[in-house]
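The values are calculated or read from the model by the stated rules, or taken from the named source; none is laboratory data. Quantities reported herein were computed from a predicted structural model and do not represent experimental measurements. Positions of Cβ are generated from backbone atoms using ideal geometry, with glycine treated the same way; all protein chains shown enter the neighbour counts. Note: accessible area is taken over every heavy atom of the protein model, side chains too, but ligands, DNA and RNA are not part of it. Shrake-Rupley method; radii C 1.70, N 1.55, O 1.52, S 1.80 Å.
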Amino acid sequence: MRRLPRYMLPEEHEYYHVLRLDPCAYCGRKFDYPLPLDHIVPHSRGGSHHWSNRTAACRQCNSNKGTESLMPYIVRLHRL
């Protein structure tokens, strides 16, 4: 499993590990392995690395979302 930043509090480490076991926040699919974490507000658009700006996302959804913000991505996702 990937190491988390050392500056995080123990509670944040635990949250990250639990969050990675959630289903994908965008498509809802469940996986048998920990998912990568996506920035809800992309870092390139001013989003932080704080745990409150992260969610579990499968690689396909994470890749499709790219640097798009959450709401435009959700709207586009439901139009497909």
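Relative to the longest principal axis of the Cα atoms of the chain, helix 10-19 runs at roughly 40 degrees. If I take R0 = 22 Å and measure r between the Cβ atoms of His43 and Val75 in this structure, what FRET efficiency does the formula 1/(1 + (r/R0)^6) give, to the nearest 0.05? Calculated value: 0.55.
The residues neighbouring Glu68, those whose beta-carbon lies less than 10 Å from its own, together hold a net charge of +3 under the Lys/Arg +1, Asp/Glu -1 convention. For the chain, relative contact order (Cα pairs under 8 Å, six or more residues apart, normalised by length) works out to 26 percent. Taking the helices alone, the chain has a mean residue ellipticity at 222 nm of -9500 deg cm²/dmol, built from -39,500 (n - 2.57) per DSSP H run of at least 4 residues and averaged over all its residues.
Taking all protein chains in place and a 1.4 Å probe, what share, in percent, of the accessible surface of the chain do carbon and sulfur account for?
55
When Rg and the Kirkwood Rh are both derived from Cα coordinates, the Rg/Rh ratio for the chain amounts to 0.97. Between helix 70-79 and the chain there is an angle of about 40 degrees, using the helix long axis and the longest principal axis of the Cα atoms.
Can you give the local net charge around Tyr26? Use residues other than it whose beta-carbon is closer than 14 angstrom to its beta-carbon, Lys and Arg +1, Asp and Glu -1. Local charge sum for Tyr26: +4. Around the Cα centre of the chain, unit charges on the Cβ atoms of Lys, Arg, Asp and Glu (plus for the first two, minus for the last two) sum to a dipole of about 300 debye.
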